[in-house]
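Data first, discussion second: the structure below is written as structure tokens.
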Amino acid sequence: MINFLYALISALSNVSQNALTKHGASKIKASGNLSFNAIKVSGAFILFLILNIMNLSSHAPTYIYGLVYGILLFVSTMCGYFALKSGPMALTSLIVSYSLVIPCVYGVVFLGEVVSVKRVAGFALLVISLFLLR
């Protein structure tokens, strides 16, 4: 039951983020793109700091990974912002949801995972379900 609740909250949060970003993109001038996404990334950074203060057991690699994650999150939000600004939200969300395919392909191409009929069927169902969910 709790897993269903988490999935529901996650889905609603994702849709809300996309809708608010699309709405914000229409209200912000071109010069505000950087500040809009900096505010989004700063929110994640503040959350990271709060969680880090509560748990004082972090070490140097945690900060390095956090910095790299922050930079990549900023790039990701900028790209997502421009995608939402320039195209329809439904199509942008669909393309973003297909990023789940990347780890599947990586496993087969680089990790040598065996391709079986069940896995191909599962992959095909994944692609179809992502389309139907959006």
For the range 78-103, pairs from a residue that is closer than 12 Å to Val127 by Cβ to a residue that is loosely packed, with under 12 Cβ neighbours inside 10 Å and not aliphatic (A, V, I, L, M), with Cβ under 9 Å and 6 or more apart or across chains, are Leu94/Phe131; Ser97/Phe131; Tyr98/Phe131
Residues in the range 1-24 that are surrounded by 10 or more Cβ atoms within 10 Å (Cβ to Cβ), of a type in the set (Val, Ile, Thr) and more than 16 Å from Cys79 (Cα to Cα) total 2
Among residues of the range 96-124 being of a type in the set (Gly, Ala, Ser) and either more than 13 Å from the chain's Cα centre (by Cα) or farther than 20 Å from Leu12 by Cβ (or both), the residue least open to solvent (accessible area, probe 1.4 Å) is Gly107
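Residues are listed down the side, and each one gets a yes or a no for (1) open to solvent by less than 60 Å² (accessible area, probe 1.4 Å); (2) of a type outside the set (A, V, I, L, M, F, W, C); (3) assigned to a helix (DSSP H, G or I); (4) modelled with pLDDT of 80 or more:
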site: Leu51; (1), (2), (3), (4): no, no, yes, no
site: Leu56; (1), (2), (3), (4): no, no, no, no
site: Tyr63; (1), (2), (3), (4): no, yes, yes, no
site: Tyr69; (1), (2), (3), (4): no, yes, yes, yes
site: Cys79; (1), (2), (3), (4): no, no, yes, yes
site: Lys85; (1), (2), (3), (4): no, yes, yes, no
site: Leu91; (1), (2), (3), (4): no, no, yes, no
site: Leu94; (1), (2), (3), (4): yes, no, yes, no
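The values are calculated or read from the model by the stated rules, or taken from the named source; none is laboratory data. These numbers were taken from a predicted model, which means no experiment stands behind them. Glycine gets a Cβ as well: all are built from the backbone with ideal geometry, and neighbour counts include every protein chain shown. SASA here: full protein model, heavy atoms, side chains in, ligands and nucleic acids out. Shrake-Rupley method; radii C 1.70, N 1.55, O 1.52, S 1.80 Å.
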